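What follows is a set of notes on a single structure, which appears directly below.
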Amino acid sequence: MEVSRHWRLQEQRYKLVGETCDTCGVKLFPPRDVCLECKAPAYKLYTFTGHGEIYSFTTIYDAPAGFEHNAPYTVALVKLEEGPIITAQLTDVAESELSIGMPVEMVTRKLRTDGEEGMIVYGYKFRPAVTQPVLH
């Protein structure tokens, strides 16, 4: 990954920053600039809490290029408390402890080492929730 792209994506990787539709209020992740529900412009930035629950999960044994050293690892569809469903690696948990509906929270972790220069790429993963979400 080129350095410029890495810095451009930093907000959504480290803080789960998406957008909110000004017309219908739907929260979007990743940022899309156009609402998926009503097709109106959506430019207002929104930082997600990072709390959600496991919607589905699977274990990857034959990892794609760049992730071979992590295999096997578990990937989940996480339904954020604000609505969107995102894909993320799970961490700090054994597969035998996982269940659909398990509360999880976002954490920042190393994803991989990229390129000949060995740039370390960090991003979000989810672990079992150890803090309670703040009710809005």
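The values are calculated or read from the model by the stated rules, or taken from the named source; none is laboratory data. Here the structure is a predicted model, which is why all the values come from computation and not from measurement. We place every Cβ from the backbone using ideal geometry, glycine too, and count neighbours over all the protein chains shown.
Kindly establish whether Phe48 is within 14 Å of Gly18 (Cβ to Cβ) and aromatic (Phe, Trp, Tyr). Please lay out each step first, then the result.
Working: within 14 Å of Gly18 (Cβ to Cβ): yes; aromatic (Phe, Trp, Tyr): yes.
Here the answer is yes, as Phe48 does meet what is asked.
Each row is one residue, and each column tells you yes or no for (1) loosely packed, with under 14 Cβ neighbours inside 10 Å; (2) within 16 Å of Lys15 (Cα to Cα); (3) not assigned by TED's automatic domain parsing to the domain that holds Leu16.
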site	(1), (2), (3)
Leu28	no, yes, no
Lys39	yes, no, no
Tyr55	no, no, yes
Val93	no, no, yes
Glu97	yes, no, yes
Met102	no, no, yes
Thr113	yes, no, yes
Ile120	yes, no, yes
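Take the residues of the stretch 92-120 that are of a type in the set (S, T, N, Q) and modelled with pLDDT under 95: which is nearest to Gly50 (Cα to Cα)? Among residues in the stretch 92-120 that are of a type in the set (S, T, N, Q) and modelled with pLDDT under 95, the one nearest to Gly50 (Cα to Cα) is Thr108.
Which is touching a residue at least 60 places away in the same chain (Cβ under 8 Å) and either in a loop (DSSP other than H, G, I, E, B) or surrounded by fewer than 14 Cβ atoms within 10 Å (Cβ to Cβ) (or both), of Thr23, Thr108, Thr59? Lay out the reasoning, then the answer.
Details: Thr23 fails: touching a residue at least 60 places away in the same chain (Cβ under 8 Å); Thr59 fails: touching a residue at least 60 places away in the same chain (Cβ under 8 Å).
Of the residues listed, the single one that is touching a residue at least 60 places away in the same chain (Cβ under 8 Å) and either in a loop (DSSP other than H, G, I, E, B) or surrounded by fewer than 14 Cβ atoms within 10 Å (Cβ to Cβ) (or both) is Thr108.
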